[in-house]
Amino acid sequence: QVQLVESGGGLVQTGGSLRLSCAASGSIFSINAMGWYRRAPGKQRELVAIITSGGSTNYADSVKGRFTISRDKAKNTVYLQMNSLKPEDTAVYYCRLGMGWDVYWGQGTQVTVSS
């Protein structure tokens, strides 16, 4: 089994910053990619950022230039540095891990940006 533990969410004012962390533990053997998704109230879950095992990254257009995804391979941990936050970034953020044919999700962490 694989467990994903997220942390770092919270309440921040417009223009502020937060850093999310997601630590994977358990039967980790070959990670394809780790990433962050979010679900805003009344909307579908969407990709925020992803980083592959080779280090390639991809971002949603709405967060390019403001968010940065990174990882610590030794710790099986992925981070999301979020700067210049906007009220429209308010959502539950979920960590996703792809490993072989399997996909694992974290429990989600709330990010609220006040105007």
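The values are calculated or read from the model by the stated rules, or taken from the named source; none is laboratory data. All values reported here derive from a predicted model rather than from experimental measurement. No Cβ is skipped: glycine too gets one built from the backbone with ideal geometry, and neighbour counts run over all protein chains shown. Surface areas here come from the heavy atoms of the whole protein model, side chains and all, with no ligands, DNA or RNA. Shrake-Rupley method; radii C 1.70, N 1.55, O 1.52, S 1.80 Å.
Please work out which residue is modelled with the highest pLDDT, limiting yourself to region 16-32 and to residues that are open to solvent by less than 50 Å² (accessible area, probe 1.4 Å) and either in contact with a Cys (Cβ under 6 Å, 6 or more places away or on another chain) or over 22 Å from residue 110 (Cα atoms) (or both).
Result: 22.
Taking the condition among the small types (Gly, Ala, Ser), open to solvent by less than 50 Å² (accessible area, probe 1.4 Å) and farther than 21 Å from residue 107 by Cβ, does residue 10 pass?
When the stated conditions are applied, residue 10 does not pass them.
Filtering region 64-80 down to residues that are modelled with pLDDT of 95 or more and over 13 Å from residue 22 (Cβ atoms), which residue is most open to solvent (accessible area, probe 1.4 Å)?
Going through the qualifying residues, I end up with 64.
Residue 70: part of a loop (DSSP other than H, G, I, E, B) and among the hydroxyl-bearing types (Ser, Thr, Tyr), yes or no?
Taking the combined requirement at face value, the residue does not satisfy it.
Quick one: how many residues across region 90-104 are under 18 Å from residue 11 (Cβ atoms) and either of a type in the set (Asp, Glu) or surrounded by fewer than 21 Cβ atoms within 10 Å (Cβ to Cβ) (or both)?
Total satisfying the criteria: 2.
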